[in-house]
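Structure first, commentary second.
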Amino acid sequence: MDEGVAASVGPAWYSGISATQWKTLLASNLGWVFDGFETYALILTVGVALRQLLDPSQYPQLPTYAGGIVATTLLGWALGGMSAGILADYIGRKRTMILAILTYSVMTGLSAFAWDWTSFAVMRFLVGLAIGSEWVTGTSMTAEFWPDHARGRGAGLFQCGFGIGFFLASVVWLFVGATGPGAWRTMYLIGVLPALLTLWIRRAIPESPLWEKANVLRRMAAIRKRAGTMASSEEQSLTRFSLAELFAEPRTRSRTIIALLMAIASATGFWAISTWIPPYVGSVAAKLSLPAAQWASYAAMTYTAGTIVGYVGFGFLADAFGRKPITLLFFALSLALTPVLFLWIGDPNLLLVVAALLGCVASGQFTWMSTWLPELFPTRVRATGAGFVFNASRVPAALGVLISGALISFLGGYSHAATAIALIYILGLAAGPFLPETRGDPLPA
C-alpha cells in the first residue's frame, strides 16, 4: 500500500484497546450471554413446565398462567435493574456484577425444583431481579473502561451477548428438549454454570477507576457533611441519594425523563411485537399447507440472527455517525418494517427475510441504551441513571404484552394488533431529538 494512502487510513479502531479493556468487555458480554440464555430458556420451556406444575383442569388457562410467569419475570427484571444501578454506584461495578451473576445462577438452579405454579413464579421473579442487575453493571463497566472513540463499538459488542444467549438456548433446547418431560428442569440446572464466571471476574477484572475516584469524593463529602463544613452545591449532590439525584437538577431530570420515554418505546415494541413473529409466520405457513411449527422456528432463528447483527452494527454506526441519528433511524425503520411484515407479505420465505431485518432494527436498537445512556450521566449516578431508564421501561413493556394479546383477540389476528402496537415507536422518534449528541465526548465526571 502507498505510504500516503496508509497514513490517510490510519490505525484500526481496535489497535489501542488494552488487554484489560478487552477482558472487561468479555466479562460483561458473558454475563449478558447467560442472561439471554435464561430469558429465552423461559420462553422455550414455560409451556412444558406448566403442564407439569398445573392441574389438568387448569390447562385451558395455561396461556394466562404463562403470561403471568413472563410478566412476573419482567417485573423482577425492572426492580432488580433499578436496585442494582443504585447498588453499583455505592459499592462498585465489579462487586455488583459478581453478586448479580451469583444470584442469577442460584435462583435459576432453584427454579428446576419448583413444585407448583406459585413457587415457579416466585423463583422466576428472583431470577428476573438478577437479570436486570447484570445489564446495568456490564454497561457501566464497558462504558467506563473503553476509550471515547470506540465506546459505541464496545457497547454493541457487549449488547450482542443477549442475542447470542438466545441462540445458545435454542441449540441447547434442541438436544435437551428431547430427553423427556423433565427437560425443562435440566435447562434451568444448566443455568447454574455461570457462577463459575465469578471466579475469573474476581481475579481478572479490576474495579472501574472512574467509580473509585467518584467513591472517594462521595466519602469525603459525607465526612464534611457530618462535620458541618459543606460549602458547594457539587458536594451536596455527592451526598444526595443517587436515585433522588436523577430528579434533583433540571438537566439530569430532563435527560432521565426523555431517555425513559425512548426506552419505553424500545422495550414495548420489542416485547409486544417480536413475541408474535414466530407464531404469525407459522400461521401464514399453515395456510399454505406448510408445517407451522417448523416455520415458526425458522422465524425465531432468523429474527435472532438479525438481532445479533443489529446489536453490533448499531454500535459501529453510532461511533461513525452519532448516537442521535442512528437511534432515530432504528426507530423509524422499526415503525416502517412492522406493517411490511404483518400486513403486506404472504410469502413465508420473504417473511423470514423481513423478520431478520426487523430483528436488526427493533431488537438491535437496544444498543442505544448501552451506548448513549452512560454518556448522559455523571459517574456518581451513572449506573443508577442507566439502570433506572433501562429497567423502569420493563413495567409498561409488560403491560404492552398483555395489551397486544388482548388486541390480537379484539382485532381478529396478529397483523393489525402488531401494526397498532408499532405506533409506540413514534414516541421514540418524538423524544430522541431532545437528547444531546455525545459521540466522541469524554464521559461526564
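FYI, it's all coordinate maths here, none of it is from the lab. Source: prediction; values computed, not measured. When we count neighbours, we look across all protein chains shown, and the Cβ atoms used for this are built from the backbone with ideal geometry, even at glycine.
Values as computed for the structure displayed
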| item | result |
| --- | --- |
| Positive-end residue, the range 35-107 charge dipole about Cα centroid, Cβ charges, pick of 85, 70, 59 | 85 |
| Peptide ranges 383-391, 327-335, 18-26 listed from the most packed, as the mean C-beta count within 10 angstrom indicates | 383-391, 327-335, 18-26 |
| Helix 19-53 vs. the chain, principal-axis angle (Cα, 0 to 90°, nearest 10) | 30 |
| Between the range 85-124 and the range 279-336, the alpha-carbon center distance in angstrom | 29 |
| Protection-proxy order for peptides 175-187, 419-431, 35-47, each taking the mean of Cβ atoms within 10 Å per residue, highest first | 35-47, 419-431, 175-187 |
| Charge dipole of the chain about the Cα centre (unit charges at C-beta), most positive-ward option of 379, 115, 14 | 379 |
| Formal net charge of residues neighbouring residue 123 (Cβ-Cβ distance under 13 Å; K, R +1; D, E -1) | 0 |
| The chain, helix-only ellipticity at 222 nm - DSSP H runs n ≥ 4, -39,500 (n - 2.57), divided by all residues, nearest 500 | -25500 deg cm²/dmol |
| Ranked list, fewest to most other Cβ atoms within 10 Å of each Cβ, for 136, 281 | 281, 136 |
| Neighbourhood net charge (15 Å Cβ-Cβ; Lys/Arg +1, Asp/Glu -1) for residue 371 | +1 |
| Positive dipole terminus of the range 194-272, leading residue within 229, 214, 262 (C-beta point charges) | 229 |
| Check: the range 18-207 dipole with +1 on Lys, Arg Cβ and -1 on Asp, Glu Cβ, in debye | 360 |
| Equivalent ellipsoid semi-axes - Cα gyration tensor, the range 242-445, angstrom | 34, 18, 13 |
